[in-house]
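Engineer: Mind having a look at this structure? Questions to follow.
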Amino acid sequence: MTTASIGNETAIASTQAPVVKLTMLLSGVVFLLMMVFGLIMRAAQGGLIELDPEFFYLLLTAHGAGMVGSAALSGAAILWYFSARYLDLRGGIYLGFLGLFLLGVVLILGSIFVGGYGGAWTFLFPLPALSGGLWEAGAAVAFCLGYVAIGVGFLLYYLELGLKISARYRGLLGGLGWRYLFGGSDADLPPPTIIAASSVLVFNTIGIVFGAAVLAASIVNLLFPSFAVDPLLAKNAIYFFGHVFINATIYMAITAVYEILPTYTGRPWKTTRVFVGAWAAVVIFVQAVYFHHLLQDVNMPAWTLAVGQIVSYASGIPLIGVTVFSLAVYIKGSGLKWDLPVSLLTLGVIGWGVGVIPAIVDGMVAVNKLMHNTQWVPGHFHTYLLLGEVAMAFGFAAWLVRDAARQTMSGLDKLVFRAYVLGGAGFTLIFLWSGASSIPRRWAVHYEDWQFQSQLASVFALVVILATTVLVLRYAIGLLRRSP
Ligand code: HEM
């Protein structure tokens, strides 16, 4: 099959689109539910409601795993949808991926709400085994097995992408654009989406393999406690996996910007040497930077901490320098007409770029010593997830059900968009403010002196939730209207 024959929406619509649309609905509903869990936690920290601390940690675990999972699922759906414009992807593989993902969700939800597992989405060794009697080893095993199912689903997904990219672009180096970068010809140069797909599949596959190894070791340790695991090695593997995996969600979703923006600006997103170079840097830096999660581990070799700090600066450059700058250049003077999809996609890029700044600040040893266990950390990742990946996902969903005849924003669209931006910015800024005031993260109960920030944040969270409810409903109604 040639690029031309599959490079149109009709081909996608007939095969991949229905299941991608369903995935986006699923992700939207889970985002919304997890936001409600988040509001309950924030309201409890603010003393607005009474919440059993044990239940707080169940909600925290479900919220962390559910949000990261939905970000990954929506990112994967977006990448699949647009890759299918250039590759003859097999729908059966996507269904297998989705089936394994849902199996993982069932295991994780069961482990939390039936088994009482509350060891957080990071399953940090040996916490799953040290429950203090709150959950049995079986619940922790079910949680880990849920992750394994999701990981296997993703490996299957990336294998299919890798096979098809290699066949179409003469190997993975061709797909990454590295042959062109290092002096080769630009014949058969992949589009930006394929460069992104190739890059993500390389680093996320490596991350998932590390995650699977430490999950397997944790499961054996839970079942046979005499099987010893080196805690520092386990922590390295977990943070390598977690860091790479959450970043991959955004690097998958960004393809919606590459593919959709040009239909508004009339300017195709080009594969330039700078673009390919930036993605090549991402492949390396996104892996090397994970050491910044371990800056407080004094028994780590000093050089790893130095790498963590230095790469934290460097990893922001390809991101901010190329994506945000290119977006501004493509939009400027294009006469683009702002509607809801393009507004959300642009917000996603800005939120991503802005959220990276407090992350870089936290990646400095001197700051990290003070800030790492404070709410500064949820502050930075909520910025580039809530106002970044999730905004891109909702932008893509809104685009899937857009009314092509209408090129402007309705009054409701404007209200919803403004509420999402205002609520999201207020909510995330308060996390940063709380972190700067040394309020610790992951505390179920807050001192009275800290409660004002949580109360204010709860109001902003409510605004985000109301806006998200409209976005999800609008999407669901759009799907119903369009179904034959
Ligand atoms: C209205 C929206 C949201 C609200 C109200 C909310 C609320 C919260 C709260 C209260 C915490 C615990 C903070 C602490 O450590 O003290 C938290 C943690 C977290 N949130 Fe959110 N959140 C929202 C959106 C999101 C989104 C969109 C994502 C990702 C896509 C996300 C991912 C996470 C993660 C990964 C954690 C860390 C869990 C842990 O520490 O184990 N949240 N959130």
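The values are calculated or read from the model by the stated rules, or taken from the named source; none is laboratory data. As the structure is a prediction and not an experimental result, all values here were calculated from the model. Because the Cβ atoms are built from the backbone with ideal geometry, glycine has one as well, and the counts that use them run over all protein chains shown. Just so you know, the surface numbers come from the protein's heavy atoms only, side chains and all, with ligands and any DNA or RNA stripped out. Shrake-Rupley method; radii C 1.70, N 1.55, O 1.52, S 1.80 Å.
Engineer: Which order do the peptides 403-412, 174-183, 194-203, 438-447 come out in when sorted by mean C-beta neighbours inside 10 angstrom, highest first?
Structural biologist: Final packing ranking: 194-203, 174-183, 438-447, 403-412.
Engineer: Taking θ = phi - 60°, what integer Hz values does the Karplus form 6.51 cos²θ - 1.76 cosθ + 1.60 yield along the stretch 15-32, in sequence order, with x for Gly and Pro?
Structural biologist: Result, ordered by residue: 10, 8, 4, x, 6, 5, 4, 5, 4, 5, 5, 4, 4, x, 5, 5, 3, 4 Hz.
Engineer: Something else now. Karplus couplings for the stretch 393-408 from phi (6.51 cos²θ - 1.76 cosθ + 1.60, θ = phi - 60°), rounded to Hz, Gly and Pro as x?
Structural biologist: Here the 3J(HN,Hα) series is 4, 5, x, 5, 4, 5, 5, 4, 10, 5, 9, 4, 6, 9, 10, 10 Hz.
Engineer: With Cβ to Cβ distances under 14 Å as the rule, what net charge do the other residues near residue 156 carry (K, R +1; D, E -1)?
Structural biologist: Local charge sum for residue 156: +1.
Engineer: Given q = 0.07, 0.08, 0.11 Å⁻¹, what are the Debye log10 I(q)/I(0) values for the chain, with equal point scatterers placed on the Cα positions and solvent ignored?
Structural biologist: -0.35, -0.46, -0.91
Engineer: Report, in deg cm²/dmol and to the nearest 500, the calculated mean residue ellipticity at 222 nm for the chain, where each DSSP H run with n ≥ 4 adds -39500 (n - 2.57) and the sum is divided by the residue count.
Structural biologist: -24000 deg cm²/dmol
Engineer: If you don't mind, there's one more thing I want to ask. If I stretch the segment between residue 447 and residue 303 completely, what's the gain in nm (0.36 nm per residue apart, minus their alpha carbon distance), one decimal?
Structural biologist: 48.0 nm
Engineer: Of the options 51, 139, 338, report the single residue whose Cα projects farthest towards the positive end of the charge dipole of the chain (beta-carbon charges: Lys, Arg +1; Asp, Glu -1).
Structural biologist: 338
Engineer: Where nothing but the Cβ of Lys and Arg (+1) and of Asp and Glu (-1) is charged, how large is the charge dipole of the stretch 3-481 around its Cα centre, in debye to the nearest 20?
Structural biologist: In total the dipole reaches around 1260 debye.
Engineer: Residue separation times 0.36 nm, minus the C-alpha to C-alpha distance between residue 209 and residue 186: what's the value?
Structural biologist: Going from the current span to full extension adds 5.0 nm.
Engineer: Would you mind telling me the share, in percent, of accessible area of the chain contributed by carbon and sulfur at probe 1.4 angstrom? All intermediate terms of the calculation are to be shown ahead of the outcome.
Structural biologist: On the way: 13940 of 19630 Å².
Of the solvent-accessible surface of the chain, carbon and sulfur hold 71 percent.
Engineer: Convert each backbone phi in the stretch 214-219 into a coupling constant with the Karplus relation 6.51 cos²θ - 1.76 cosθ + 1.60 (shift: θ = phi - 60°), then list the ³J(HN,Hα) values in order as whole Hz, x for Gly and Pro.
Structural biologist: Along the stretch 214-219, the couplings run 6, 5, 4, 5, 5, 5 Hz.
Engineer: Working from Cα positions, state the angle (0 to 90°, nearest 10) between the long axis of helix 411-436 and the longest principal axis of the chain.
Structural biologist: Approximately 40 degrees, to the nearest ten.
Engineer: Output the relative contact order of the chain, whole-number percent, from Cα pairs under 8 angstrom with separation of 6+ residues.
Structural biologist: Reported as a whole number, the value is 18 percent.
Engineer: Tell me the accessible surface of residue 164 in square angstrom (1.4 angstrom probe, heavy atoms of protein chains only), to the nearest ten.
Structural biologist: 50
Engineer: So which aspartates and glutamates can residue 235 reach, going by Cα to Cα under 16 Å and dropping same-chain residues fewer than 8 places off?
Structural biologist: In chain and number order, the partners are 297.
Engineer: Right, here's the next one. Expressed as an acute angle from 0 to 90° and rounded to the nearest 10, what is the orientation of the C-alpha long axis of helix 273-288 relative to the principal long axis of the chain?
Structural biologist: 20
Engineer: If you find the alpha carbon centre of the stretch 453-484 and of the stretch 179-197, how far apart are they in angstrom?
Structural biologist: Centre-to-centre (Cα) distance: 39 Å.
Engineer: Rounded to the nearest 10 degrees, what's the angle between the helix 137-168 long axis and the longest principal axis of the chain, both from Cα atoms, 0 to 90?
Structural biologist: 20
Engineer: What residues qualify as long-range amide H neighbours of residue 374, i.e. H under 5 Å apart, gap of 5 or more or another chain, H built at 1.01 Å from N?
Structural biologist: Distant-sequence amide H within range of residue 374: 441.
Engineer: I'd like to check one number: the per residue accessible area of the chain, probe 1.4 Å, reported in Å² as a whole number.
Structural biologist: 41
Engineer: With unit charges on the beta carbons (Lys and Arg positive, Asp and Glu negative) and the dipole taken about the Cα centre of the stretch 3-481, which residue among 432, 212, 401 sits farthest to the positive side?
Structural biologist: The Cα lying farthest towards the positive end belongs to 401.
Engineer: What net charge do the residues around residue 126 carry, taking every other residue with its C-beta under 12 Å from that of residue 126, with Lys and Arg at +1 and Asp and Glu at -1?
Structural biologist: Here the charged neighbours net out to 0.
Engineer: Give 369/414; 21/337; 164/337 a once-over and call out the pairs whose C-alpha atoms are over 32 Å from each other.
Structural biologist: Flagged as over cut-off: 369/414; 164/337.
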